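Colleague: If you scroll down you'll find the structure; I have some questions about it.
The values are calculated or read from the model by the stated rules, or taken from the named source; none is laboratory data. What you see is a predicted model; the values in this text were computed from it and never measured. Quick reminder, even Gly has a Cβ in these numbers, built from the backbone with ideal geometry, and neighbours come from all protein chains shown. The protein model used for the area step is the full one, side chains on, heavy atoms only, and it has no ligands, DNA or RNA in it. Shrake-Rupley method; radii C 1.70, N 1.55, O 1.52, S 1.80 Å.
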Amino acid sequence: MSIVGKNFELINQSITVLTTPEEFRNGLRKIETMGRICWQSTDKNPTDNYSEEKTMQFVTMLIGKHHESVLEHCSLSAIITTDRSVTHQLVRHRLCSFSQESQRYCNYSSGKFGNKVQYIKPIWFDKWSDSAKETFLAELESATSTYMKLVQEGRPEEARAVLPNACRTQIGITTNLRELRHILRERCSGSAQAQIRQLALAVREALPAEVKYDIPYKYECGTQGIIDTCGILNFADSIK
């Protein structure tokens, strides 16, 4: 549930997965095809008579033997709606491709954006004291009012300087399965920032057990409603 102020809105972060279960399944089959080249472990065309069960066994075997370079043949794409403190962390994963919303060109005072600046609700917001909530919302109100004044006198690229890290942004990401597993190992752990951990845990939940069984995680925050797999069955269900 969003919180609406005079000139801003506080919303929850979310993920929309663009890769369909069928595309992801085909990526896993590609892993098997490429992996069998290494050992020449079949006397037939590896694309003949695919068995999803055997494919998953093969992927599990590669992970168990740490032959993860083969996992690079499978990829996943998603659009993440989060705050800029999270995207600053995400883009440090250099083996991904990113496309991020530009504050330089987006004018949040325009009708296109509902004449409001959106911010991401901190995942612990509901557990804060009333005074902490009031202070946080007052700061968002102040920053947004300043932004609205400055953007009328100049350009968004100049006015954006007053927007806080809580500002909502969208970032598109494409990553191969090997790098995705690395990201989840880093961001699902208890040492990760809670805001990014919630996103990582939501992705982890959507993956088949065979590709995530060795990734440690710590649940401290709910992930329900965070991830949207385009209305199609979740990967873990569809891959069975």
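Colleague: Ignoring ligands, DNA and RNA, what accessible area per residue does the chain give at 1.4 Å, in Å²?
Modeller: 52
Colleague: Same structure again: As I understand it, the dipole of the chain uses +1 on the Cβ of Lys and Arg and -1 on the Cβ of Asp and Glu, about the Cα centre. Which of Leu163, Gly64, Ile227 lies farthest toward its positive end?
Modeller: Most positive-ward Cα: Leu163.
Colleague: Right, another one. For the residue pair Glu141 and Ile79, what label-to-label distance in nm results when each label sits 7 Å from Cα along the Cα-to-beta-carbon direction?
Modeller: 3.2
Colleague: Return the Rg/Rh ratio of the stretch 122-203 with Cα-based radii and a Kirkwood Rh.
Modeller: The Rg/Rh ratio comes out at 1.10.
Colleague: Follow-up. Under a Cβ-only charge scheme (Lys and Arg +1, Asp and Glu -1), can you give me the dipole magnitude of the stretch 50-190 about the Cα centre, in debye to the nearest 20? Mind showing how you got there, number by number?
Modeller: Details: 19 positive and 16 negative charges, 40 e Å.
For the stretch 50-190, the charge dipole is close to 200 debye.
Colleague: Return a whole-number percent for the relative contact order of the chain, with Cα pairs under 8 Å and 6 or more residues apart as the contact set.
Modeller: With pairs under 8 Å counted, the relative contact order is 31 percent.
Colleague: Run a plain Debye calculation on the stretch 98-146 (Cα atoms as equal point scatterers, no solvent) and give log10 I(q)/I(0) at q = 0.24, 0.33 Å⁻¹, rounded to two decimals, same order as the q list.
Modeller: So the normalised log intensities are -0.96, -1.22.
Colleague: If you don't mind, there's one more thing I want to ask. Divide the volume of the convex hull of the Cα atoms of the stretch 1-154 by its number of residues and quote the answer in cubic angstrom per residue.
Modeller: Considering the Cα atoms of the stretch 1-154, their hull volume per residue is 176 Å³.
Colleague: Ok, one more. Spin-label point model (7 Å from Cα, Cβ direction): what's the Tyr213 to Ser191 distance in nm?
Modeller: 2.6
Colleague: Exactly which trypsin sites (Lys or Arg not before Pro) in the stretch 24-118 are in a DSSP loop and have at most 15 other Cβ atoms within 10 Å?
Modeller: Within the stretch 24-118, the qualifying trypsin sites (Lys or Arg not before Pro) (loop, at most 15 other Cβ atoms within 10 Å) are Lys44, Lys65, Arg92, Arg94, Arg104.
Colleague: Moving to a separate point now. List the chymotrypsin sites (Phe, Trp or Tyr not before Pro) within the stretch 113-201 that fall in a DSSP loop (any state other than H, G, I, E or B) and whose Cβ has at most 16 other Cβ atoms within 10 Å. Provide the component values of the computation, followed by the final result.
Modeller: Numbers: sites: Phe113, Tyr119, Trp124, Phe125, Trp128, Phe136, Tyr147; in loops: Trp124, Trp128.
In loop regions of the stretch 113-201 (DSSP not H, G, I, E or B), the sparsely surrounded chymotrypsin sites (Phe, Trp or Tyr not before Pro) are Trp124, Trp128.
Colleague: How much mean residue ellipticity at 222 nm does the chain get from its helices, if each DSSP H run of length 4 or more adds -39500 (n - 2.57) and you divide by all residues, to the nearest 500 deg cm²/dmol?
Modeller: Here the helix-only value at 222 nm equals -12500 deg cm²/dmol.
Colleague: Using θ = phi - 60° and the Karplus relation 6.51 cos²θ - 1.76 cosθ + 1.60, list the HN-Hα couplings for the stretch 142-152 in order, rounded to whole Hz, with x at every Gly or Pro.
Modeller: Karplus-based 3J(HN,Hα) across the stretch 142-152 equals 5, 4, 5, 4, 5, 4, 4, 5, 5, 5, 6 Hz.
Colleague: Could you work out the percent of alpha carbon pairs in the stretch 175-231 separated by over 17 Å, rounded to a whole number? Working shown, then result.
Modeller: On the way: 512 of 1596 pairs.
That fraction is 32 percent.
Colleague: Can you list the lysines whose alpha carbon is less than 20 Å from that of Lys212, not counting same-chain residues fewer than 8 positions off?
Modeller: The reachable lysines, counting only those whose Cα sits under 20 Å from Lys212, are Lys30, Lys54, Lys65, Lys240.
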